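The values are calculated or read from the model by the stated rules, or taken from the named source; none is laboratory data. Quantities reported herein were computed from a predicted structural model and do not represent experimental measurements. When we count neighbours, we look across all protein chains shown, and the Cβ atoms used for this are built from the backbone with ideal geometry, even at glycine.
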Amino acid sequence: MEEDAKNKFKYKFYRLTIQLNIIIFLVAISVMVYFIVHSPYSVPLIIGMLILALILSLDFSKKYKETKKWLGEQTEKDKKDDGTGQKGTT
């Protein structure tokens, strides 16, 4: 993989990792708020956080599929550039 492609992959991976962590955090906080906080604003807050987690999950899924496709294209490109189909042999 070329240096430019490696940098692009690092960015894509970093973005997906942060986004997944935010989704997990929102769901975990929603569960904790449900059991710990008893106020009239708890339910709307929980619903808002879960809706935000759902929206981020849909975006995460889309970006994950795009990144997976892009990575597959890079692998195919490397195999074609190598000529033998095997990377790292001389």
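A compact table of results
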| quantity | calculated |
| --- | --- |
| Pair list, Cβ < 6 Å and 6+ apart or interchain, from the stretch 4-23 residues that are within 15 Å of Gln74 (Cα to Cα) to residues that are in a helix (DSSP H, G or I) | Ala5/Gln74; Lys12/Thr67 |
| Residue count, the stretch 44-74 (criterion: free of Cβ contacts under 8 Å to residues at least 12 places away in the same chain and either of a type outside the set (Gly, Ala, Ser) or surrounded by 11 or more Cβ atoms within 10 Å (Cβ to Cβ) (or both)) | 13 |
| Residue in the stretch 42-63 that is of a type in the set (Gly, Ala, Ser), part of a loop (DSSP other than H, G, I, E, B) and either under 30 Å from Ala5 (Cα atoms) or modelled with pLDDT of 80 or more (or both) present | no |
| Criterion (more than 22 Å from the chain's Cα centre (by Cα) and of a type in the set (S, T, N, Q)) met by exactly one of Ser61, Ser42, Ser30 | Ser42 |
